[in-house]
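**Student:** To start, I am sharing the structure in question, which I have written as structure tokens.
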């Protein structure tokens, strides 16, 4: 693992904040309005039917999951107080918190969990439809117990690590008997969380206010109100932060150049801390339908041609590290330290291409008859800049790349449905357990058109076996070992090069206290966040 | 009055084929853009399986062929139904109506400011042609004309919001203050100062130069000499004789530029996060929300037709020799 100069600086300033911030040691203060900037808004605010950070950052303050992750990244109960699993992995029992009320005053009961799991998570929720595919029923022996019955073994660790994202509970009495997708509560959510939905003005803002009856009590939540403002222009967003209109910009919502500038401003904290649970890779995907790329030596050669250290330091301002495989280093339960598999070595890359039969016809000429077509993923600066970087790096080893830029729907169609690409960049979000949304990049069998799956024609039966065995292994230690087989195959075959690992960057006012203290803080409920006086 | 009513009806009838061509053309054009609104939704969600996508396509009516979709749309349009918005999950008409007020207020203010300031500066420049006020005003006009509105907007924000903290950097009103009456009006006005400046300066420059040239031309005409010979004061000549005639090209331009301004407001609304039609149109394209986009185009086309109709009427008012037909 390489540590760059900038990372040391970032880590240092994060420590400085934790140790000597303006309000260190002070008791939390009640009151105040936290204003959050968001780049885009979502069609729904219901995390039980749409799993994405854009929904969580708003809705998870209002609607709560059964389980969240604590400061150490371990599952901790929210609406579930405790749980136990049967030895065969087919039954998981959740004992629910008592005395919790929905915002409309009705009591929270096991029926709500049953309804959310069977009607929303299993049938509608993206990633949930896969995770809960073998969920047969949720039984409710009493009002405060929900028993999940699976037809295939479900590792408890997988379920508990998936639940923070894929386990938000919505009120059955509001949704039952209605069309869940078009229920008005999808944009005016009713939950059990620390903040109560107040007002949503599309294109402008969302307001949620303090829930005085919140079950945690003890004066929580501390904030009076949270306002989310939609500011799509990134330059305008940093101006809003600097003028004091906004106190928090989550999920790398600003331009990287502004993030780097604000990191030197004493009024703000700029850090990836509190986002470790939202780690992603910036990747290069290679279409194996293209004759040259079908050869593994060629794919490896292309990876060796990329000077990723340079890319991280100069394009990403140091807020990233070298990727080592599809499981990121932030995933303590599954990560085994490895070195970056394809260190930069241009001479080696050229030699490998020569050996694979793609010699330069003459000095300075290009190796392939046709240029490689690269579709940059339009997911922001990381993936778009990476495309340019790939183009320039590969030119050095005699491989011409043509870039065809498209917007989101065009990109998804071009890559995942029409397979009309040779190379593409991508943003692979890791969701705390490889079985949630990571192995699907390498397994065969995804229907054509399913976005964020293996659509580049990679087919290795050994890989499919490794993935399937690990997904149903119940013993955590064995499971971790099995996933190392998966990582090794993924790295050796390299249909996808997990080039750069990074967490989202948060930029927030130093007044914002009690924040970024869990690995998925931006997506958590903010019940203990508070604002120090200006 | 009756004549004007008849005229309005005739104009409207004439514009129906134009509107149809615009709508069908846009509909077909958007089919060429790869991906549909379900792809856009999946992009937002960060994933989803194929069965979910198929069901969504069915919900949005995207599972049938393009001619059938177009036919369904036109049939609905006959009953003035613009369909449902995919992004907002409610009728397009109400989505547009919510945004229309913001855009209408914003654009009419910008247009009024550009027009009146351009007029005054143009007259001042023409009166002292080649003098220092003329040089100053013309140079300023050139500078305004050369500055792109998004950059100007950002610079205004940096200066007036970040550095000086005089004006808010964006948004339409202060959030959650519950202001009413005059306080609310002032609050909205404070929020609109910077957007109006950044949208209107480029148009101001155009009007200024147009007004100056037009004034100079009219001032050389015979009837002006006659008016002066009659012994009218210079001010009187300018106001009653020159200005009125010089206004004609300006008014023409307002009609023409109205649609350009609608386009420009897309950028400015994004920079200042104003909840207007321009930003809605941009979002609809990105999210492939066909119904909303067609609705916006329809409303904008009607707006442009109406504005041009008013311009025609104004013509007749300014110059009795011209009769609106």
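Quick note: the coordinates plus some simple rules give every number you see, no bench work behind them. Here the structure is a predicted model, which means the values were calculated and not measured. Neighbour counts run over all protein chains shown; Cβ positions are idealised from the backbone, glycine included.
**Student:** Could you check the spin-label model distance between residue B:304 and residue A:111? Points 7 Å from the Cα along Cα→Cβ, value in nm.
**Tutor:** 5.6
**Student:** Under 16 Å from a point 7 Å along the Cα-to-Cβ line of residue A:29: which residues of region A:196-229 have their amide N that close?
**Tutor:** Zone members listed by number: A:222-225.
**Student:** Divide by every residue of chain B the summed helix terms, -39500 (n - 2.57) for each DSSP H run of at least 4, and state the resulting mean residue ellipticity at 222 nm, rounded to the nearest 500 deg cm²/dmol.
**Tutor:** Working: 12 runs with 236 residues, N = 325.
Taking each H run of at least 4 residues, the total per residue is -25000 deg cm²/dmol.
**Student:** What average number of partner chain Cβ atoms lie no more than 10 Å from the Cβ of the residues making up A:401-408? Provide the component values of the computation, followed by the final result.
**Tutor:** On the way: counts 0, 0, 0, 0, 0, 3, 10, 10.
Mean shielding by partner chains, rounded to a whole number: 3.
**Student:** Averaged over its residues, how many other protein chain Cβ atoms are within 10 Å of peptide B:31-38's Cβ atoms?
**Tutor:** On the way: counts 0, 0, 5, 11, 10, 3, 2, 3.
The mean count of partner-chain Cβ atoms within 10 Å per residue comes to 4.
**Student:** Then there is this: Taking the highest mean first, how do the peptides B:63-76, B:154-167 order by number of other beta carbon atoms within 10 angstrom per residue?
**Tutor:** On the way: B:63-76: 12.5, B:154-167: 16.4.
Sorting B:63-76, B:154-167 by mean packing, highest first, produces B:154-167, B:63-76.
**Student:** For chain A, what is the convex hull (Cα atoms) projected area averaged across all directions, in square nanometres? Provide the component values of the computation, followed by the final result.
**Tutor:** Working: hull surface 95.6 nm².
So the mean shadow area of the Cα hull is 23.9 nm².
**Student:** If you consider only alpha-carbon coordinates, what radius of gyration and Dmax does region A:67-174 have, in Å?
**Tutor:** When restricted to the Cα atoms of region A:67-174, Rg and Dmax are 13.1, 39 Å.
**Student:** Ranking request for peptides A:89-101, A:171-183, A:151-163: highest mean number of other beta-carbon atoms within 10 Å first, then the rest in descending order.
**Tutor:** Working: A:89-101: 17.6, A:171-183: 15.5, A:151-163: 21.1.
Result, highest mean Cβ count within 10 Å first: A:151-163, A:89-101, A:171-183.
**Student:** If we count other beta carbons within 10 Å of each Cβ, what is the order of A:515, B:273, fewest first?
**Tutor:** Values: A:515 23, B:273 26.
Ranked by crowding around the Cβ, least crowded first: A:515, B:273.
**Student:** Still on this structure, I have one more. Give me D for region A:394-534 in µm² s⁻¹, whole number, from Stokes-Einstein with Rh from the Kirkwood sum over alpha-carbon pairs, 25 °C and 0.890 mPa s. Spell out each step's value before the answer.
**Tutor:** Values: Rh = 18.4 Å.
Rounded to a whole number, D works out at 133 µm²/s.
**Student:** Note the full-extension length gain between residue A:469 and residue A:265 as 0.36 nm times their separation in residues minus their Cα-Cα distance, in nm to one decimal.
**Tutor:** Values: separation 204, 0.36 × 204 = 73.44 nm, distance 4.97 nm.
Stretched fully, the residue A:469-residue A:265 segment lengthens by 68.5 nm.
**Student:** Once you average over the residues of B:171-178, how many Cβ atoms of partner chains fall within 10 Å of each Cβ? Numbers along the way, then the final one.
**Tutor:** Values: counts 7, 4, 3, 1, 13, 9, 0, 0.
If you average over the peptide's residues, the count of other-chain Cβ atoms is 5.
**Student:** At a Förster radius of 51 Å, what calculated FRET efficiency corresponds to the Cβ-Cβ distance of residue B:319 and residue A:420, to the nearest 0.05? Numbers along the way, then the final one.
**Tutor:** On the way: r = 58 Å, r/R0 = 1.15.
Result of the calculation: an efficiency of 0.30.
**Student:** Between region B:70-89 and region A:376-429, what is the separation of their alpha carbon centroids in Å?
**Tutor:** 36
**Student:** Among B:282-295, B:230-243, how do they line up by average Cβ neighbours within 10 Å per residue, starting with the highest? Before the final figure, lay out the partial values.
**Tutor:** On the way: B:282-295: 23.4, B:230-243: 14.3.
Averaged packing, sorted descending, gives the order B:282-295, B:230-243.
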